[in-house]
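Here is the structure we will look at, set down as structure tokens.
The values are calculated or read from the model by the stated rules, or taken from the named source; none is laboratory data. Predicted model, so just to flag it, every value in this text is computed and none were measured. Here Cβ is always computed from backbone atoms with ideal geometry, including for glycine, and neighbour counts include all displayed protein chains. Remember, those area values only see protein heavy atoms, side chains included, never the ligands or the DNA or RNA. Shrake-Rupley method; radii C 1.70, N 1.55, O 1.52, S 1.80 Å.
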Amino acid sequence: MKYHNEITKRRSFAIISHPDAGKTTLTEKFLLFGGAIQTAGAVKSNKIKKHATSDFMEIERQRGISVATSVMSFEYRGILINLLDTPGHKDFAEDTYRTLTAVDSVILVVDSVNGVEAQTRRLMEVCRMRDTPVIVFINKMDRDGKNRFDLLEEIEKELKIQLHPMTWPINSGKDFKGVYNLYDKNLVLFTANTKAVDEDTVRIDRLDSPVLDERLGEKDASILREDVELVDGVHGELNVDDYLKGKVAPVFFGSAINNFGVKEMLDTFIRIAPTPRGRETSNRHLDVEEDKFSGFVFKIHANLDPKHRDRIAFLRVCSGRFERNKYFHHVRLDKEVRFSNPYTFLARDKDVIDDAYPGDVVGLFDTGNFKIGDTLTEGEDFYFTGIPSFSPEIFKEVVNKDPMKTKQLEKGLLQLTDEGVAQLFTQYGGNKKIIGCVGELQFEVIQYRLLHEYGASVQFNAQPFYKACWITSKDPKKLEEFTRFKHANIAEDKDGFLVYLAQSEWFLNTERTNNPEIEFHFTSEIHK
């Protein structure tokens with residue numbers, strides 16, 4: 001129990017949503033409250049010249065989207081918050097799913113204009129698999145969107161989660177006048193294009209107070225009284241245990257770009273969000289209060305600084321204390337490793353740290369020792385379970401356009417596929433390189449980064465494959481026979497394991513029926 005105080009001081013969460021709902025803008029406002037940045041940047045706006053702090057890759061600034069999860073730590077009211085801003089675009093969903101394994105709770109951003117979208121549903125399913133506690137932030141209330149009651153009903157029905165409003169909006173769009181805080185019983189008034197400051201908060205002890213009519217006008221005041229009576233009657237007090245079990249989601253209304261309704265959410269977040277918890281491993285349940293250090297790598301990012309070919313592995317601390325310059329046991333490689341300058345992050349800015357505790361995310365310089373899912377311990381051998389890897393759905397052959405840059409291309413492909421965005425297959429017995437991804441946009445990002453970070457120009461040719469399956473067999477002879485007959489469809493992944501590339505579902509089912517001795521696996525997890 002010796003690190004109990006450090007653990008209770010920490011909260012780690014991810015912000016998730018459909019693209020364009022306002023995740024990155026919300027992240028910026030959080031950092032602003034934590035005093036981490038002086039002016040918040042917007043993702044894309046002609047008025048604001050400063051770019052978002054959390055979009056650090058060049059391609060993100062050009063496109064105005066996030067393509068990689070970024071990690072930020074900041075302090076707010078004595079609580080150390082580790083915040084992970086994830087990409088919303090479905091082509092990068094894999095990065096987001098992995099990030100969800102490294103956090104203890106989630107803030108889900110819903111756009112009040114578009115409501116629940118496809119990607120939001122999928123992300124919510126992942127949260128439900130792990131019973132992750134969720135807080136919902138309904139953004140863009142200053143735009144003409146859906147009716148507030150309809151919106152709540154839609155979210156409950158689509159995401160299959162019970163909602164509990166913590167703040168309540170007064171109108172929306174051009175008539176948006178602010179939010180009423182149901183917990184603190186106060187009113188925060190909204191003025192367009194200004195930041196929400198403490199002067200705008202009106203303390204109201206009773207809803208029948210005449211101040212309400214003065215500030216809002218009789219019509220809006222009476223609508224608010226009816227709404228609040230209804231909401232209180234239906235929901236009552238928030239049951240924090242239900243929230244922690246992932247059964248109920250507190251809801252906040254606001255406008256992230258105007259910094260409105262964000263503080264109310266942050267205050268509630270540090271009050272109710274879970275502290276770091278224990279985790280399941282391949283051997284046993286690991287308690288977060290254990291004295292011995294353990295942690296796992298959930299993300300790898302190459303070339304954070306294009307001038308210095310650096311690779312950083314992001315490690316989530318799960319128990320004990322991580323110390324600089326101390327030797328830890330790398331389970332997969334079975335060797336001792338130490339780190340002389342581990343980092344903590346504020347997006348692009350890094351600070352060297354001496355120690356870290358459960359809930360913290362640490363950046364480790366990596367010379368190629370790490371893969372996603374690797375575990376570090378103080379000697380014990382186990383893996384953390386539940387880190388997903390996916391079978392790719394789109395396959396393209398890599399064609400080198402500049403033979404002089406073959407070496408750079410090889411290096412670039414290995415490093416970029418190590419990040420887990422894409423998988424690299426080499427044709428069995430040949431040297432044709434095939435990249436498999438979950439989404440089209442990833443190919444563009446890989447092409448862009450190969451050119452700008454490694455100087456290698458490539459083109460991609462589509463391949464007629466439907467799925468990649470890892471193949472194993474207890475009978476080595478059968479496996480050898482199968483690879484000889486099917487060599488045009490066999491490739492090796494970059495760890496040298498055999499993969500069968502099926503042209504269609506029919507082919508895959510036929511092969512499975514005809515070769516009962518061979519097992520077909522849809523993830524590469526089996527080799528752990």
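Overview of results
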{"item": "For Arg332, distant residues with modelled amide H under 5 Å away", "result": "Thr375"}
{"item": "Solvent-accessible surface (1.4 angstrom probe) belonging to Leu450, in square angstrom, nearest 10", "result": "0 Å²"}
{"item": "Residues in segment 418-447 that a label on Val399 would reach, taking backbone N under 15 Å of a point 7 Å out along Cα→Cβ", "result": "432-435"}
{"item": "Spin-label model distance (nm) - Asp351 vs Thr8, 7 Å beyond Cα toward Cβ", "result": "2.4 nm"}
{"item": "In sequence order, calculated HN-Hα J values of segment 469-486 (Karplus, 6.51, -1.76, 1.60; Hz; x Gly/Pro)", "result": "10, 7, 10, 9, 7, 6, 10, x, 4, 4, 5, 5, 4, 4, 5, 5, 5, 9"}
{"item": "Rounded to the nearest 10 Å², the accessible area of Asp354 at probe 1.4 Å", "result": "100 Å²"}
{"item": "Sequence-distant residues sharing a close amide H with Ile394 (under 5 Å, placed H)", "result": "Cys437"}
{"item": "Inter-label distance, nm, simple model (7 Å from Cα along the C-beta direction), Glu480/Asp242", "result": "6.3 nm"}
{"item": "Length released on extending from Arg284 to Arg225, taking residue separation times 0.36 nm less the Cα-Cα span", "result": "16.0 nm"}
{"item": "Largest to smallest accessible area among Met129, Met166 [probe 1.4 Å]", "result": "Met129, Met166"}
{"item": "Solvent-accessible area of Tyr428 with every protein chain in place, 1.4 Å probe, in Å² to the nearest 10", "result": "90 Å²"}
{"item": "Residue-wise HN-Hα coupling along segment 131-144, computed from phi with Karplus coefficients 6.51, -1.76, 1.60 (Hz; x: Gly, Pro)", "result": "6, 6, x, 10, 10, 9, 10, 8, 9, 6, 5, 7, 10, 5"}
{"item": "Other-chain or far-sequence residues with amide H under 5 Å of Lys467's (modelled H)", "result": "Ala502"}
{"item": "Estimated FRET transfer efficiency when R0 is 25 angstrom, pair Asn147-Glu218 (beta carbons, to 0.05)", "result": "0.75"}
{"item": "Distance in nm between pseudo-label sites at Thr406 and Ser457 (7 Å out along the Cβ direction from Cα)", "result": "1.9 nm"}
{"item": "Relative contact order %, segment 376-528, counting alpha carbon pairs below 8 Å whose residues are six or more apart", "result": "28 percent"}
{"item": "Value of Rg/Rh across segment 408-528 [Cα atoms, Kirkwood radius]", "result": "0.99"}
{"item": "Note, ³J(HN,Hα) from phi for segment 121-126, Karplus 6.51, -1.76, 1.60, rounded to Hz, x at Gly and Pro", "result": "4, 5, 5, 5, 4, 5"}
